[in-house]
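What follows is a short report on a single structure.
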Amino acid sequence: MILTSLSLYQYRLPLETLLPVGKQRIDHRVGLVLQACTSADDQYQQVEVDIAPLSGIDIDQHDIIGFSRESLTQVQTALTELLPQLCGQNIDKLIEFSEQSPYPSLAFGLSLLHAKLMGKLGTVRPQSTTIPLIYHPTDASNALLANKIANLSMDVHSVKVKVGQTSIEDELSLIYGILGTRPDLKLRLDANRGLTLEQAIAFAACLPLDAIEYIEEPCQNPQDNMAFYQAIGLPYALDESLNDPEYQFEMHEGLTALIIKPMLLGSLEKLSNLIDTAHSHGVRCILSSSLESSLGIHDLAHLATILTPDEIPGLDTLNAFSQDLLISSGKTQCLTLQQLELIAQHVAQTETESDSEFAETKDE
C-alpha cells in the first residue's frame, strides 16, 4: 500500500470553559491534522489523525509544564521535513519513522496513521462510555458543577475528581458533596503531584476511603508515593511519571493503575508493551485524554477497545470545546479540512509522470 499524498494542517479550537492542565488552565487547544491518501490494487483510501502535544502556554501566559516535552513548532517542523520522505513510500515507512522520532506525539500519530490505514481501528466498536471528569470551575458558576453531578446517568459508577488544586477544605467539601448526591459512586482522585507527602496524608485521612478507588500521583515527589500508601492504605496510580523518557515499569507497594495518555507516551507498540507488562503485575491500565479534539478522542475510544477492553477510558473533555474537528460529537459546528490552515502537502509522482520526465531528460 503506497502513500500517494500527505497533507498537514493546523487547527486552533477555542474552549467554552477553561480546562485544567495540572494546576494550570487553558482556554484553547492547538494541534495538527495529518491526512494520508493511499492506493493499492486500484483501491484508494483517505484517513486523518490528530497530532497535538500538550504544551504551549496557559491563560496566564506561562509555559505548560509537566506534560509533553516537545512543542507544536518542533513537531510541525519535523513533519514538514518528513512528508517528502514518506510520500510515494509503502505505508510501513510510517512505523519506521515512528520508531525513530524523538517526539512522543509524532511517534504516536505516525503509528496511529499506519493502524488506521491497515483498517485496525475500523474493525472494532469504540468505547461509548467514559469516566466523567469533575473539577472546581474557575470561569463558571458552581451551579454548573452541581448540575453536572446531579445529571450523571445512573449507568455511571465512577467519576474522576481533580484535587490538590484549591484548599483541602474546599476539595473535601466537593468530594462529600458528590457522594451526598450520588452515594453509590466510586471516585478516582487526581492530584497531579499537587501535594507534599504531609499534605497528601492529611488530606487522605479525611477521605471516605471506602468510596475512593485510587488517587493519581498524590505526592510532589513520586518517591513518596509508597510512604503515602503505607501511612494511609489508599492505592495510588501513576500518570505524570510515565512521561519521563527514562520511565521503566517497576512494581511498588500500593501501585494499582497506570493512567495512559497515548499522545504523551509514544508509538502504539510502546503503549502495548507497557500495558502488557503492567497487566502481568496485576496493575490496571486506563487510557486517558490529553485534551485532544473530537478526531483524537474518537480514535482513543477505538484504541481503548483494542488495548484496554476491560476498562472504561477517561475521555470526558470534549464538553469544554466550542467546535468539533472532522468527527462530530454533536456540537453545532464541526470543522472540515478546508477550514484549517494548510501547512504542507506532497503528492507522489505517478509512473507516467516519471517516464515523461525521463524522456525529456533523454531528449536534452
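The values are calculated or read from the model by the stated rules, or taken from the named source; none is laboratory data. Here the structure is a predicted model, which means the values were calculated and not measured. FYI the Cβ positions are ideal-geometry reconstructions off the backbone, even for glycines, and counts take in every protein chain you see.
Working carefully through the options 297, 343, find the one that is modelled with pLDDT of 95 or more and part of a helix (DSSP H, G or I). Criteria check complete, one pass: 297.
Remark: pairs (first residue in region 221-233, farther than 9 Å from residue 200 by Cβ; second residue exposed (fewer than 15 other Cβ atoms within 10 Å of the Cβ) and among the hydrophobic types (A, V, I, L, M, F, W, C); Cβ separation under 8 Å; 6+ apart in sequence or on different chains) = 233/209.
The rows are residues; the columns are (1) over 26 Å from the mean Cα position of the chain (by Cα); (2) among the charged types (D, E, K, R).
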| residue | (1), (2) |
| --- | --- |
| 168 | yes, no |
| 171 | no, yes |
| 175 | no, no |
| 188 | no, yes |
| 197 | yes, no |
| 206 | yes, no |
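Considering region 103-135, and only residues there that are closer than 25 Å to residue 17 by Cα and surrounded by fewer than 17 Cβ atoms within 10 Å (Cβ to Cβ), the residue that is modelled with the lowest pLDDT turns out to be 128. Among residues of region 142-182 being part of a loop (DSSP other than H, G, I, E, B) and touching a helix residue (DSSP H, G or I) at 6+ places or on another chain (Cβ under 8 Å), the one that is modelled with the lowest pLDDT is 165. Within region 316-334, the residues that satisfy the criterion of being under 26 Å from residue 110 (Cβ atoms) and surrounded by fewer than 23 Cβ atoms within 10 Å (Cβ to Cβ) are 317, 318, 323, 324, 326, 327, 328, 329, 334.
Among the residues of region 194-231, those identified as in contact with a Phe, Trp or Tyr (Cβ under 8 Å, 6 or more places away or on another chain) and among the hydrophobic types (A, V, I, L, M, F, W, C) are 195, 197, 200, 201, 204, 215, 219, 228. Taken over region 1-53, the residue count meeting the criterion of being of a type in the set (Lys, Arg), assigned to a strand (DSSP E or B) and surrounded by fewer than 21 Cβ atoms within 10 Å (Cβ to Cβ) is 2.
Conditions (1) part of a helix (DSSP H, G or I); (2) modelled with pLDDT under 95; (3) hydroxyl-bearing (Ser, Thr, Tyr), marked per residue:
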{"site": "225", "(1), (2), (3)": "yes, no, no"}
{"site": "229", "(1), (2), (3)": "yes, no, yes"}
{"site": "257", "(1), (2), (3)": "no, no, no"}
{"site": "278", "(1), (2), (3)": "yes, no, no"}
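Across region 232-247, the number of residues qualifying as loosely packed, with under 15 Cβ neighbours inside 10 Å and more than 22 Å from residue 54 (Cβ to Cβ) comes to 1. Scanning region 60-92 for residues that are part of a loop (DSSP other than H, G, I, E, B), polar (S, T, N, Q) and surrounded by fewer than 18 Cβ atoms within 10 Å (Cβ to Cβ) yields 61, 71, 89.
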